[in-house]
2 protein chains.
Amino acid sequence: MARSDIPDIVIGRLPIYLRALTRLQQEGHEITSSQELGKRLGISSAQIRKDLSHFGEFGKQGTGYNISTLSNELRRILHVDREWRVAVIGIGDLGHALAHYAGFAHRGFRITHLFDNDPAKIGQRVNELEILPYDRMVEIIRQEGLKIAMITTPADAAQEVADLLVEAGIRAILSYAPIVLNVPENVRIQYIDPVIHLQHMTYYLSNSRNR
Amino acid sequence: MARSDIPDIVIGRLPIYLRALTRLQQEGHEITSSQELGKRLGISSAQIRKDLSHFGEFGKQGTGYNISTLSNELRRILHVDREWRVAVIGIGDLGHALAHYAGFAHRGFRITHLFDNDPAKIGQRVNELEILPYDRMVEIIRQEGLKIAMITTPADAAQEVADLLVEAGIRAILSYAPIVLNVPENVRIQYIDPVIHLQHMTYYLSNSRNR
């Protein structure tokens with residue numbers, strides 16, 4: 001099957017498989033199975049085998065998957081067998097939190113550029129990175145050839161930021177602003193929305209009187 | 001089909017449908033279709049119809065869905081036709097950001113309790129909420145009957161916090177800490193992990209030399 005025919009929903013599960021494999025490896029495992037992965041993730045083993053089959057043969061019947069090999073393959077497929085530089089726009093509480101976040105290391109990403117439009121913040125350092133002026137953002141991102149950015153501005157600024165990021169050549173945007181942004185079809189956008197996760201869980205909470 | 005037989009992956013899509021419906025309503029629409037929703041979300045219309053069919057009949061062949069009616073049904077199914085109080089544990093940059101986050105309103109959640117173990121922070125106010133002492137967390141959460149909490153502590157504190165939250169009666173945890181937490185089977189846990197979203201997008205980025 002040609003790569004372009006693989007459903008986006010399958011692609012979306014690959015990072016989850018990679019995270020589970022990394023966890024298994026940290027626990028000292030070298031081999032796993034679609035059954036074990038499925039049990040950990042709440043996904044059927046048949047689904048996992050079918051998802052992976054889009055990309056080749058990774059396990060042998062009865063012997064399972066070599067965790068290291070499969071992890072490396074997934075990193076290659078997801079293009080995170082290298083380190084992408086990432087810009088963060090909007091250095092408020094959330095921007096600071098991301099600049100200090102320990103979860104990017106060894107997973108393909110490094111925050112390298114911070115931008116804000118507040119003159120009082122420009123030139124300050126966060127985790128050794130200098131906060132750069134918003135009015136130079138397009139120029140700097142274009143010059144550096146950055147392809148990925150995170151938007152952590154207030155909602156009412158986010159669309160303007162997204163427009164400028166697209167103009168600067170950004171191809172993937174992760175937005176924390178609680179609004180839907182319009183970007184051209186050749187730019188990927190995803191949202192961090194805690195409510196989506198909370199609503200998923202409240203489905204399972206009984207109609208308790210304590211609320 | 002009995003509610004307990006509905007796959008978790010289907011439940012996970014309902015909040016995404018609800019968010020899209022809310023957006024359509026804000027744009028002034030009153031009626032939509034599985035085709036329109038599917039196009040917006042990158043999910044097949046057949047999948048959407050199948051997902052919704054677990055819960056009853058929401059649309060008529062040829063006339064589509066009434067957005068207001070379907071939204072209300074989804075809110076009822078997800079138990080967000082009310083407001084859940086939420087505790088946040090760890091009031092650093094991220095805790096501050098969540099306490100100010102505008103995206104919870106009218107979506108079923110309100111942050112009502114903040115906890116931290118730093119004596120310098122206790123008693124301070126964030127968005128009109130007083131930061132409460134961590135050593136009284138179990139007592140207060142139990143007394144108030146809170147069922148939902150968000151963990152925004154450093155990774156090395158997160159498991160202890162989760163254990164105490166479970167002891168206090170919390171039934172759903174949203175964790176921002178970049179580690180996997182162990183909780184009993186009757187407690188739901190989800191993670192906010194920006195890397196999962198970034199890796200999903202880098203799949204589509206070509207092997208550009210600029211990185």
Legend entry - Per-q log10 I(q)/I(0), the stretch B:125-211, q = 0.11, 0.14, 0.25 Å⁻¹ (Debye; single scatterer per alpha-carbon; no solvent): -0.42, -0.59, -1.28
Legend entry - In Hz, Karplus ³J(HN,Hα) per residue of the stretch B:90-106 (6.51, -1.76, 1.60; θ = phi - 60°; x = Gly, Pro): x, 9, x, 4, 5, x, 4, 4, 5, 4, 9, 4, 8, x, 7, 4, 6
Inset, instruction - Return the distance in nm (one decimal) between the two label points of a simple spin-label model at B:I140 and A:T112, each offset 7 Å from Cα along Cα→Cβ. - result: 4.3 nm
Inset, instruction - Answer with one residue from B:W84, B:S71, B:S34: the one whose Cα lies farthest towards the positive end of the charge dipole of chain B, charges on Cβ with Lys, Arg +1 and Asp, Glu -1. - result: B:S34
Inset, instruction - Let me have the relative contact order for the stretch A:56-211, percent, based on Cα pairs under 8 Å that are six or more residues apart. - result: 17 percent
Inset, instruction - For helix B:67-77, report the angle its Cα long axis makes with the longest principal axis of the Cα atoms of chain B; keep it between 0 and 90° and round to the nearest 10°. - result: 50 degrees
Inset, instruction - Mind listing the long-range amide H neighbours of B:I189? Cut-off is under 5 Å, sequence gap 5 or more, other chains count too, H placed in the peptide plane at 1.01 Å from N. - result: B:I173
Legend entry - At 7 Å out from Cα toward Cβ: A:G28 inter-copy label distances (nm, ascending): 6.4
Legend entry - Where only C-alpha atoms are counted, convex hull volume of the stretch B:1-75 per residue in Å³: 85 Å³
Inset, instruction - Answer with one residue from A:G108, A:N127, A:S175: the one whose Cα lies farthest towards the positive end of the charge dipole of the stretch A:84-196, charges on Cβ with Lys, Arg +1 and Asp, Glu -1. - result: A:G108
Inset, instruction - Using only the alpha carbon atoms of chain A, find the Kirkwood hydrodynamic radius as the inverse mean reciprocal pair distance, in angstroms to one decimal. - result: 19.5 Å
Legend entry - In order through the stretch B:125-139: 3J(HN,Hα) via Karplus (6.51 cos²θ - 1.76 cosθ + 1.60), integer Hz, x for Gly, Pro: 10, 10, 6, 6, 9, 7, 6, 9, x, 4, 6, 10, 4, 4, 4
Inset, instruction - Mind telling me which of B:K121, B:K147, B:K39 comes out most flexible in a GNM of chain B, alpha-carbon contacts under 10 Å? - result: B:K39
Inset, instruction - In nm, give the distance between the simple-model label positions of B:F55 and A:A46, each being 7 Å from the Cα along the Cα-to-Cβ direction. - result: 2.6 nm
Legend entry - Rounded to whole Hz, the Karplus (6.51, -1.76, 1.60) HN-Hα couplings of the stretch B:140-155, x for glycine and proline: 5, 4, 5, 4, 7, x, 5, 10, 10, 9, 10, 9, 10, 7, x, 4
Legend entry - Between the stretch A:142-211 and the stretch A:34-92, the Cα center-to-center distance that results, in Å: 24 Å
Legend entry - Distance cut-off 18 Å, percentage of C-alpha pairs in the stretch B:98-168 lying past it: 41 percent
Inset, instruction - Rounded to whole Å, how close does chain A get to the rotation axis onto B by Cβ? Give me the residue too, please? - result: A:D93, 2
Legend entry - Mean projection area, nm², convex hull over Cα of the protein assembly as shown: 21.8 nm²
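None of the figures in this text is laboratory data; all of them are computed from the coordinates on show. Note that this is a predicted model, so its numbers are computed, not measured. Ideal geometry is used to build each Cβ from the backbone, glycine not excepted, and the neighbour counts take in all protein chains shown.
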